[in-house]
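Worksheet: one structure, shown below.
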Amino acid sequence: MDAEGLLARFREYVKSRPDEFVEDYQRVSQKVEESSARYLGDPIDFLYQPMFFSPKDLARIERILNQLTLILNKTVEKYRSDERFRRVFPFSKITEDLILANPGYENPFPMARFDIFYDYNQELKFCEFNTDGSAGMNEARVLQNAIYPSRALEFIPDDCEVNFYTPMENWIDKIVDIYHEFRGEEVDPETVAIVDFEGEGINSEFREYKKRFEDRGYRTIIQDPRELEYDGTNLLAGSTRLDLVYRRATTHKIVERYEEVEPFLDAYKDGNVCVVGGFTSQVVHNKSLFAILQEEAYTDFLAEKEEKFIQNHLPFSRIFHDGDSYLKHKLIEEQDRFLLKPFDKFAGHGVYIGEDFEPGKWEDKVDETQGDNYIAQEFCDVPEEELLYVRDNELRFEKFGYLIGLFLYNQELNGLYTRVGRENVIASLVECFTLPNFLVKNCDE
């Protein structure tokens, strides 16, 4: 039985015993409410609905990821070596210098969450590349642990193996591996700092990471980068030397507050502290890359099969330059085909979808965003499934669009993060529910 077959069987099972599932949903909901899975201080919104991935699904996703990472690695290398190529990107001199600084390890984006539209049987399209302060691992962990022992999986045949990723634990393993590469020897860090600006990050997730680092024997602090000092050799938090920094502060915020965080950045550029979350990843993270990879004038370093891959798996995208009357006219005339997306924002901020606007209002939005660090992008049909929605002790199945996040650690798949919604934008700014993800195999009829 494939993943979609399991979803169909889940619906049948729930409908056959609604009272039992309402009661079980309440137990799961209480677990989530008491957990560390929170956003802006409140428990996350979730659906009491598992998502399933078969070996066939994972093999297909991993094959496409492997092709993509080869292209992205070539792109980063081109950026590093070709000054003319660097000019195509919308980076300030400060950002460019940070990108070009050597992080002390080889992988240009050791942590990433690539968001995809995946409909199981037909298409896989990449929505975004998140390589800068990527989050969601704790949400995935909490929901998987809450729903795995619940009634939601009781319907699965006994011969079917059910498992799930452990994205937080896997990431810590990779962080320590990167530190060993940075040091050139298998010496573990004494002190780890999880770094973000106070009030900006997901503190509940940071605390979970802190606990896990400390369980492994590493002294760990959560630190605002503005409070760090540098003596020319050591990066310091007060009198404590930091060996390893897990950077969660986004590059955008770092550059915006550059003068306040110069000691941290100087230590990084001097190679005197291991920062996991090096700034080279910004080449991949910035949304302008979707458009740059589709311009023939910029992609002579790609093979023909790589260009074909981009056409198949990236939505059509163009940088919305000031003065581009052709693209502006196309956006207005074919409004329902396009969306506008900022180069470097998250959680759905600043994303505008043509079909969500009245024509006159859309034309105003086109005028407003032109030349303001935006890409124009093809609007992809969001895949949908009938998913269980519980409200006021009533069970019902509704159509939800879904977006799957793929956690890549050292460019290997190590976790899944599914969000769903009923709007065109699936994001916390609009409507967003998190789902647990389970790996299933040997699920015969």
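Throughout, read-outs are computed from the coordinates displayed, never taken from laboratory work. Just so you know, these numbers come straight off a predicted model, no measurement behind them. Because the Cβ atoms are built from the backbone with ideal geometry, glycine has one as well, and the counts that use them run over all protein chains shown.
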Problem - Label-point separation, Arg80 to Glu398 (7 Å along Cα→Cβ), nm - result: 4.8 nm
Handout entry: region 40-136: GluC sites (Glu not before Pro) in DSSP coil with no more than 11 other Cβ atoms inside 10 Å
Key = Glu106
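Got a sec? How would Val440, Val283 order by Cβ neighbour count within 10 Å, fewest to most?
Details: Val440 23, Val283 27.
Neighbour counts put them in this order, fewest first: Val440, Val283.
Please sort 269-280, 247-258 by packing, taking for each peptide the average over its residues of neighbouring beta carbons within 10 angstrom, highest first. Display every interim value, and only then the final one.
Values: 269-280: 20.8, 247-258: 19.2.
Highest mean packing first, the order is 269-280, 247-258.
What number do you get for region 1-116 when its Cα radius of gyration is normalised by 2.2 N^0.38 Å, N = residues?
Values: Rg = 22.5 Å, N = 116, 2.2 N^0.38 = 13.4 Å.
Ratio of Rg to 2.2 N^0.38 Å for region 1-116: 1.68.
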Handout entry: Spin-label model distance (nm) - Glu262 vs Tyr148, 7 Å beyond Cα toward Cβ
Key = 4.9 nm
Problem - Largest-first principal axis extents, alpha carbons of region 288-378, Å - result: 42, 30, 21
Handout entry: Along principal axes, Cα extents of region 324-426, largest first, whole Å
Key = 49, 41, 19
Fill in the blank from the handout: For region 303-445, averaging the sequence separation of alpha carbon pairs under 8 Å that lie six or more residues apart and dividing by its residue count, the contact order in percent is 19 percent
Fill in the blank from the handout: Taking Cα pairs closer than 8 Å and at least 6 residues apart, the relative contact order of region 187-288 in percent is 30 percent
Practice task
With N set to the residue count of the chain, report its C-alpha Rg divided by 2.2 N^0.38 Å to two decimal places.
Solution key: 1.01
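State, as an integer percentage, the relative contact order of the chain based on alpha-carbon contacts under 8 Å between residues 6 or more apart. Mind showing how you got there, number by number?
Numbers: 787 pairs, mean separation 110.0, N = 445.
In percent, rounded to a whole number, it is 25.
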